Amino acid sequence: MAEETIFTKIINGTIPSKLMYHDDLVSAFADISPKAPQHILIVTNKPIPSVNDVTREDEAALGRLFTVAAKIAHELGIAEDGYRLIVNVGRNGGQEVPHIHMHLIGGQKMGGFGFAGA
């Protein structure tokens, strides 16, 4: 089992947060340092350190990241105009927390693909 992360603490309620979505595979909550008007983190409930650690057993959870992203984008009213989904991998890829998570970013026109701060 991977070590406990800030995300597992949010999922299990050790760190208070208003969950926007939670089921048996994934959870979603607002990013504490938003990069756009809407910045939601969607995380696997199982603490998988990075994409490099994914196994076939994780496929359902990874697929759920995308279906939940679409659901939340519709709920936030940003689906029609568009949004960005980002998964960072490793230190050089910008991953700060060793727990797979997807950033759903929207609510404004997204510029060209930037490499820092996503």
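The values are calculated or read from the model by the stated rules, or taken from the named source; none is laboratory data. Here the structure is a predicted model, which means the values were calculated and not measured. For accessibility, only protein heavy atoms count, side chains too; no ligands or nucleic acids. Shrake-Rupley method; radii C 1.70, N 1.55, O 1.52, S 1.80 Å.
Close amide-amide hydrogen proximity is noted between SER50 and ILE100, each under 5 Å apart and 5 or more residues distant or on a separate chain (H modeled in the peptide plane; Pro and chain starts excluded).
Computed on segment 57-103, with alpha-carbon pairs under 8 angstrom and 6+ residues apart, the relative contact order is 28 percent. For the chain, the solvent-accessible area with a 1.4 angstrom probe is 60 square angstrom per residue. The share of accessible area on the chain that comes from carbon and sulfur is 53 percent, using a 1.4 angstrom probe. Relative to the dominant Cα principal axis of the chain, helix 59-76 is inclined by about 30°.
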